[in-house]
Amino acid sequence: HGFMNTQDAVPIHIAANAPKAMTLAGELGDGFITSRTNSLAGWQETWSRVRQGAEQAGKNPSTLYTSMLTTACLLRPGESYDSPRIKAAAGPWAMLAMHALYERVQQPAAAPDALRSIFSEYGVFVDQQRQRAGERYYLELHDGHGLYLRPEEARFVTPEVIRSTTMTATPEELIERLHALETAGVKQVALLPAMGTFGE
């Protein structure tokens, strides 16, 4: 009776942050989702891998629906990146990004330039937490990710970390950044707000 559509294909969007997975997403997916980067340079590097996978499979890369996951907080006139409001809004995602980066590279030398000064200290924090939590390490480390900033992690949410891991900026800067990403092939930017910051 037409209650279920079994004729039309269902588009498959593949999320990937690691190099091989990006290539595979381009090869197999109808869409590509990533939270690996939020910068133009980072996207161009990421997209080159996805595009390579699509081309190897005989697909037109421009047909892939591309999505980037991040967060953003609009700076008010005269507001700094280390204001309590900005840290509360951008900090949860920044810590999620720092943890993901640490799990991937671990060595400060492999971290982006802007994060190297804090990366070693963050690594010590994560390792101590791993030893203390034991089997609960995974649960404790992910507590608050993308939702709220834990007090013990607040010291790692520096202006450099916020700028590197989120799209926090003035309205004018954010619009310029989004236009540049669109030109480079990003079709959607999904902003994930922290708890209690809707409308910020």
statement: Diffing segment 121-127: the Karplus 3J(HN,Hα) column from phi (6.51, -1.76, 1.60, θ = phi - 60°), in whole Hz with x for Gly and Pro, holds 5, 5, x, 4, 4, 5, 5
query: Counting only protein heavy atoms and using a 1.4 Å probe, what share of the accessible area of segment 7-123 belongs to carbon plus sulfur, as a whole percent?
result: 54 percent
message: Could you put Phe125, Phe32 in order of accessible surface area, largest first, with the 1.4 Å probe and the full protein assembly present?
response: Phe125, Phe32
statement: Restricting to Cα pairs under 8 Å and 6 or more apart, the percent relative contact order of segment 1-127 works out to 18 percent
- prompt: Asp8 accessible area, nearest 10 Å², 1.4 Å probe?
  reply: 100 Å²
- line: With the dipole of segment 1-144 defined by +1 on each Lys or Arg Cβ and -1 on each Asp or Glu Cβ, the option from Leu96, Ser120, Tyr65 whose Cα lies farthest towards the positive pole is Ser120
- prompt: What FRET efficiency, computed as 1/(1 + (r/R0)^6) with R0 = 45 Å and r the Cβ-Cβ distance, is obtained for Asn5 and Glu45, rounded to the nearest 0.05?
  reply: 0.75
- prompt: How much solvent-accessible surface does Arg104 expose, in Å² to the nearest 10, with a 1.4 Å probe and all protein chains in place?
  reply: 110 Å²
message: Need the list of lysines near Lys59 for cross-linking: C-alpha distance under 18 angstrom, and skip anything on the same chain fewer than eight residues off.
response: Lys20, Lys187
- prompt: How much space per residue, in cubic angstrom, does the convex hull of the C-alpha atoms of segment 121-200 take up?
  reply: 134 Å³
- request: For the chain, give the magnitude of the charge dipole about the Cα centre (Cβ charges: +1 Lys/Arg, -1 Asp/Glu; no others), in debye to the nearest 20.
  value: 200 debye
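The values are calculated or read from the model by the stated rules, or taken from the named source; none is laboratory data. Note that the structure is a prediction, hence the values are computed from the model and not measured. Quick reminder, even Gly has a Cβ in these numbers, built from the backbone with ideal geometry, and neighbours come from all protein chains shown. For accessibility, only protein heavy atoms count, side chains too; no ligands or nucleic acids. Shrake-Rupley method; radii C 1.70, N 1.55, O 1.52, S 1.80 Å.
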